[in-house]
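Here the structure comes first, spelled out in structure tokens, and everything after it is commentary.
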Amino acid sequence: MRVLRPLVIIVALAESASLLQAQVRPRREAVMPRAGIGRQLPGGQQEPGNRAQLEQRFQQMLYQMTRRRVGLNDTQMNQLVPVNRRFEQQRRQLQRQERETRLSLRDAMRDTAQVDQTRISGYLDKLAQLQRQRIDLFEQEQKDLAQFMTPLQRARYTALQEQVRRRVEQLRRRNALGADTTLR
């Protein structure tokens, strides 16, 4: 089940990117096959080896969508790729730390037999620190993007990132709910 989760997320990302594109304007490339539609095995599982192809198609689709919606030229896109990669890794690390801290806080709050106020306070302080780091990361990313993007392009890019993140989260939740019902 753990092996399928990344594949489902990749397919979900690919679908979310195509949905986002459909919201902007009618798809001219409608004749092209949609990313994420591959040969299915019984039970809805993807054929082994398809993951790399799905990831590549998703990256290509996201690249083209970003280029069109944000209005970037080839030079700007070439500059965006390493900046995005660097900040996305840092963002994921912050998200991981925040999730771990929230889970620890939740566990500490549930422990009604021995409520440790100091530990709970520490978790709250850690969450505040992580929020400050997130803001610092956003500011640094904006400075780096300002080296090759106009303010309008940066605003469009930030909005696109947020839309994709929200869509991915929705699909993860839906996938988690679906997984819960299939395991019962």
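The values are calculated or read from the model by the stated rules, or taken from the named source; none is laboratory data. As the structure is a prediction and not an experimental result, all values here were calculated from the model. Cβ placement follows ideal geometry from the backbone for every residue including glycine, while neighbour counts extend to all protein chains displayed.
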Residue match in the stretch 138-152 (condition: of a type in the set (S, T, N, Q), under 30 Å from P82 (Cβ atoms) and surrounded by fewer than 12 Cβ atoms within 10 Å (Cβ to Cβ)):
yes
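The rows are residues; the columns are (1) under 23 Å from Q161 (Cα atoms); (2) in the same structural domain as E169 (by TED's automatic domain parsing); (3) modelled with pLDDT under 90.
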{"site": "G49", "(1), (2), (3)": "no, yes, yes"}
{"site": "L54", "(1), (2), (3)": "yes, yes, yes"}
{"site": "F58", "(1), (2), (3)": "yes, yes, yes"}
{"site": "R67", "(1), (2), (3)": "yes, yes, no"}
{"site": "V81", "(1), (2), (3)": "yes, no, no"}
{"site": "R91", "(1), (2), (3)": "yes, no, no"}
{"site": "G122", "(1), (2), (3)": "no, no, no"}
{"site": "R132", "(1), (2), (3)": "yes, no, no"}
Tally, over the stretch 75-126, of residues that are within 30 Å of E141 (Cβ to Cβ), basic (K, R) and exposed (fewer than 12 other Cβ atoms within 10 Å of the Cβ)
5
In the list A108, A22, A17, which residue meets the criterion of being among the small types (G, A, S), outside any loop (DSSP other than H, G, I, E, B), modelled with pLDDT under 90 and touching a helix residue (DSSP H, G or I) at 6+ places or on another chain (Cβ under 7 Å)?
A17
Does any residue in the stretch 115-134 that is under 26 Å from Q89 (Cβ atoms) come within less than 8 Å, Cβ to Cβ, of a residue that is small (G, A, S) and in a helix (DSSP H, G or I) six or more places away or on a different chain, and which pairs are these?
Y123/S104; Y123/A108
